Amino acid sequence: MARTPGRLSSSATSGHILEMIRTGTATSRSEIGRATGLSRPSVALRVTELINSGLVVERTGAVSSGGRPPTLLEFNADSGLVLTSALGMARSQAAVCDLNGTILVRAPGSPDMEQGPDATVPWLLDTWSEQIAALGRDPSEVRGVGIGLPGTVEFHAGRAEDRPFLGKWAGVALAPLIAERFPVPVLVDNDVNVMALGEHVAGGHGHPDDMVFVKVSTGIGAGLLSGGNLLRGALGAAGELGHIPVRGGGGLPCRCGNTDCLEAVAGGRRLLERAAEQGRPVAGLKDLVSLAGEGDAVAVTLIREAGRRLGEALAGAVNLLNPEVIVLGGDLSEAYDHLVAGVREVVFQQCTALATRQLRVVPSSLWDDAGVRGCATLVTEEILSPEAVNKLLSG
């Protein structure tokens, strides 16, 4: 979520100027001077510093009306690499991105998350090393690492909170494990938060600043954006949509220890159990989605019912947060037409007219790329902040 700086004072640093160039606020020395009030020598000094660091390059612009062709300043996204991974219970993604968050190489994987970091981290490190080599790049070019982890994450501590299904991850700080091979900043966040960030920055829905992203898969969770910023809550527990109790669950136990949570009643595991009970045994959610796509009545009914249950939980979020867009992601969202029919039915019935007047419910536009794009954004906004850049240049 790149910030767009307004007019800066003459104390604007090199880091602030890089931010202006990154966001397109200023693309030439003269524009920087007008926006900041800096003198020409001061602008030249800061720009030269950024060029020498490799963060900025000069390119000849359009043909001038007379005299020397104008020189444009561009952020050099190729000056470093960001390692990202969206980890999941069913499958995971590992990728290498440039400093704009563009995915350079991506690989799927399925490390056994329940075995804990001792099993997953070596897979990540080896996969990233292989990807860097395949790109013909050097590990020294890595500037940061971003990881999306299922379950509640204490963002500022960079570790998972204790939950039964992630017991071996609880309290484990990942940065020291990663730093053994890549001694760079490591940011860890909830998997749905990073997917929401990816959709916000790179999705095809108009970059909505007020958005609820919902991952509907084996588990159910939400990433919340308000005013363009992620809402993590005091300890990172915001967005636990799947653990809101719903009516008529019949006392189903949830992995969180409570009963009748949305996830226990309408999550992937329960849907597969119900499909088997009704004569449709399938190996996974994608198979259930395929059945629904073929018009199978049992699969369609199960997914629409799950949509209604999801709508019950989302109605409260819509009335509370008034989002512009609800984005549906995760495996079950691939049966979008059936899922959204149930969601819309309940949300538009239970929410206020004003809250739903302009509300859109749309499918994810990035799918499996949402997590890794969000992880990259998480890292670049940290390592390319004006403060971080100034510290880098002064070192």
With springs only between Cα atoms under 10 Å, which of G242, G233, G116 fluctuates most in a Gaussian network model of the chain?
G233
5 angstrom amide H check on R360, placed H, neighbours 5+ away:
V325, I326
Separation of the A90 and H156 label points, Cα + 7 Å toward Cβ, nm:
3.5 nm
For the stretch 108-190, the Debye formula with one identical point scatterer on each Cα and no solvent gives log10 I(q)/I(0) at q = 0.19 Å⁻¹ as -0.84
Extension reserve of the D118-I51 stretch, reckoned as 0.36 nm per residue once the Cα distance is removed:
20.0 nm
Theoretical FRET efficiency, 1/(1+(r/R0)^6), r = Cβ-Cβ of H207 and A234, R0 30 Å, to 0.05
0.65
Normalised by the residues of the chain, what does the relative contact order come to in percent, with Cα pairs under 8 Å and at least six apart?
17 percent
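Give me the number: length gained by fully extending S394 to E382, i.e. 0.36 nm times residue separation minus the C-alpha to C-alpha distance, one decimal in nm. Intermediate values should be presented prior to the final figure.
Values: separation 12, 0.36 × 12 = 4.32 nm, distance 1.70 nm.
2.6 nm is the gain from fully extending S394 to E382.
Just to check, using Stokes-Einstein with a Kirkwood Rh over alpha carbon pairs, what's the diffusion coefficient of the stretch 271-330 at 4 °C and 1.567 mPa s in µm²/s?
On the way: Rh = 12.8 Å.
Approximately 101 µm²/s, per Stokes-Einstein.
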Can you give me the long-range amide H partners of T71? Hydrogens built in the peptide plane at 1.01 Å from N, cutoff under 5 Å, separation of 5 or more residues or another chain.
G61
Would you mind working out the magnitude of the charge dipole of the chain relative to its Cα centre, with +1 at each Lys and Arg C-beta and -1 at each Asp and Glu C-beta, to the nearest 20 Debye?
960 debye
Kindly write out, for the stretch 316-323 in residue order, the coupling ³J(HN,Hα) from the Karplus curve 6.51 cos²θ - 1.76 cosθ + 1.60 (θ = phi - 60°), rounded to whole Hz, with x marking Gly and Pro.
x, 5, 5, 5, 7, 9, 6, x
From DSSP H assignment alone, runs of 4+ in the chain each adding -39500 (n - 2.57), the sum over residues rounded to the nearest 500 puts [θ] at 222 nm at -12500 deg cm²/dmol
Output wanted: per-residue J couplings in Hz (rounded whole) for the stretch 285-298, from phi through Karplus 6.51 cos²θ - 1.76 cosθ + 1.60, θ = phi - 60°, x for Gly and Pro.
4, 4, 5, 5, 4, 4, 4, 4, x, 8, x, 4, 5, 5
Residue by residue through the stretch 377-391, what is 3J(HN,Hα) from phi via Karplus (6.51 cos²θ - 1.76 cosθ + 1.60, θ = phi - 60°)? Round to whole Hz and write x for glycine and proline.
5, 3, 6, 5, 5, 7, 7, 10, 5, x, 5, 5, 5, 4, 5
Could you work out the relative contact order of the stretch 65-183? I mean the mean sequence separation of Cα pairs under 8 Å and 6+ apart, divided by the number of residues, in percent.
23 percent
Give the dimensionless ratio obtained when the Cα radius of gyration of the stretch 263-381 is divided by 2.2 N^0.38 Å.
1.15
Of the labelled options (i) 143; (ii) 158; (iii) 168, which one gives volume of the Cα convex hull per residue in Å³ as computed for this structure?
(iii)
Show the residues, 5+ positions off or on another chain, whose built amide H is closer than 5 Å to the amide H of G146.
L83, T84, S85, L187
The chain - percent of accessible surface contributed by carbon and sulfur, probe 1.4 Å:
50 percent
For the stretch 12-114, restrict the atom set to alpha-carbon positions and state the Rg and Dmax in Å.
19.0, 66
Accessible area, probe 1.4 Å, largest first, for residues E161, E387
E387, E161
How large is log10 of I(q)/I(0) for the stretch 141-289 at q = 0.08, 0.11, 0.16 Å⁻¹ when the intensity is taken from the Debye formula with one equal scatterer per alpha-carbon?
-0.27, -0.51, -0.98
Could you work out how much longer the chain between T301 and Q350 gets when fully extended? Use 0.36 nm per residue separation minus the Cα distance between them, nm to one decimal.
15.5 nm
Pick out which of P363, P208, P281 has the largest mean-square fluctuation in a Gaussian network model of the chain, springs linking Cα atoms closer than 10 Å.
P281
Between G37, G167, G136, find the one with the highest GNM mean-square fluctuation for the chain; connect C-alpha pairs within less than 10 Å.
G136
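Let me know the charge dipole size of the stretch 180-298 about its Cα centre in debye, to the nearest 20, where only the beta-carbon of Lys, Arg (+1) and Asp, Glu (-1) is charged. Intermediate results must be reported in sequence, preceding the final value.
Values: 10 positive and 14 negative charges, 48 e Å.
About 240 debye.
The values are calculated or read from the model by the stated rules, or taken from the named source; none is laboratory data. In this text, all values refer to a predicted model and were calculated from it rather than measured experimentally. FYI the Cβ positions are ideal-geometry reconstructions off the backbone, even for glycines, and counts take in every protein chain you see. Just so you know, the surface numbers come from the protein's heavy atoms only, side chains and all, with ligands and any DNA or RNA stripped out. Shrake-Rupley method; radii C 1.70, N 1.55, O 1.52, S 1.80 Å.
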